[in-house]
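Structure first, then comments.
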Amino acid sequence: MITSRPRIVDLSEVEPNTRRGGDLRAMLTPATVGSTSGFMGVAIVRPGDRIGEHYHPYSEEFVYVVCGQLEVDLDGEPHPLRPEQGLMIPINMRHRFRNVGNVEARIVFHLGPLAPSPPLGHVDTEETSAVPEGAGAGTARGKVGS
């Protein structure tokens, strides 16, 4: 078991996760730094791309937009999300991020508290591979995954 310790983690050290759209990189996690209350990462979303709709049954998600023009759907309702804005997404709220601009968007995210195990922390509600880039809706699946 990893114990909490201070450690600097560079973005280049983290493998991209593109299964749900975008390029998600969980940087400061129980596995990398021994965190016990949550985890933090960066999402990189290319123009026209999106992060598929999902929700977190155990965690609130805190988001800060570093750069880019995004639209976030919260329980199906679209909202603009711009650089230097923050957003708190409550537990169980469905959400999806779309890059609606013409430059790469970067989001810093933090989720806490941790789910009982990583696979229980994230529930997909649409099939991202079956939805064309830039599309808003998808097929509900309810698949649980991290």
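The values are calculated or read from the model by the stated rules, or taken from the named source; none is laboratory data. For clarity, every value in this text was computed on a predicted model and none was experimentally measured. Note: ideal-geometry Cβ built from the backbone for every residue, glycine included; neighbour counts use all protein chains shown. Surface accessibility is based on the protein's heavy atoms, side chains included, excluding ligands, DNA and RNA. Shrake-Rupley method; radii C 1.70, N 1.55, O 1.52, S 1.80 Å.
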Determine the share of the chain's accessible area contributed by carbon and sulfur atoms, expressed in whole percent, with a 1.4 angstrom probe. 57
Short to long, in 10 Å steps from zero, the percent of alpha-carbon pairs of the chain per bin is 12, 43, 36, 8, 0
With springs connecting C-alpha atoms under 10 Å apart, model the chain as a Gaussian network and identify which of A105, A31, A43 has the largest mean-square fluctuation. A31
Cα-centred dipole magnitude for the chain, charges only on beta-carbon of K, R (+1) and D, E (-1), debye, nearest 20: 280
Per the charge dipole of the chain (beta-carbon charges, Lys/Arg positive, Asp/Glu negative, Cα centre), the residue among F62, H122, P6 reaching farthest to the positive end is P6
Put +1 on the Cβ of each Lys and Arg and -1 on the Cβ of each Asp and Glu in the chain; which of V72, F109, M27 then has its Cα farthest toward the positive end of the dipole? M27
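Please report the net charge: other residues with Cβ closer than 11 Å to the Cβ of P90, K and R +1, D and E -1.
Values: positive: R94; negative: E60, E61, D75.
Every neighbour counted, the sum reads -2.
Lys and Arg at +1, Asp and Glu at -1: add these up for the other residues within a Cβ distance under 13 Å of M27 and post the number. Numbers along the way, then the final one.
Working: positive: R7, R25, R106; negative: D10, E13, E15, D23.
Local net charge: -1.
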Given charges at beta-carbon only (K, R positive; D, E negative), |dipole| of region 4-57 in Debye: 80
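Run lengths n ≥ 4 of DSSP H only: what is the helix-derived mean residue ellipticity at 222 nm for the chain, with -39500 (n - 2.57) per run over all residues, to the nearest 500?
Numbers: 1 runs with 4 residues, N = 146.
Helix-only estimate at 222 nm: -500 deg cm²/dmol.
Given contacts defined as C-alpha pairs under 8 Å and at least six residues apart, what's the relative contact order of the chain, whole-number percent? Show your work: numbers first, answer last.
Numbers: 379 pairs, mean separation 36.5, N = 146.
It rounds to 25 percent for the chain.
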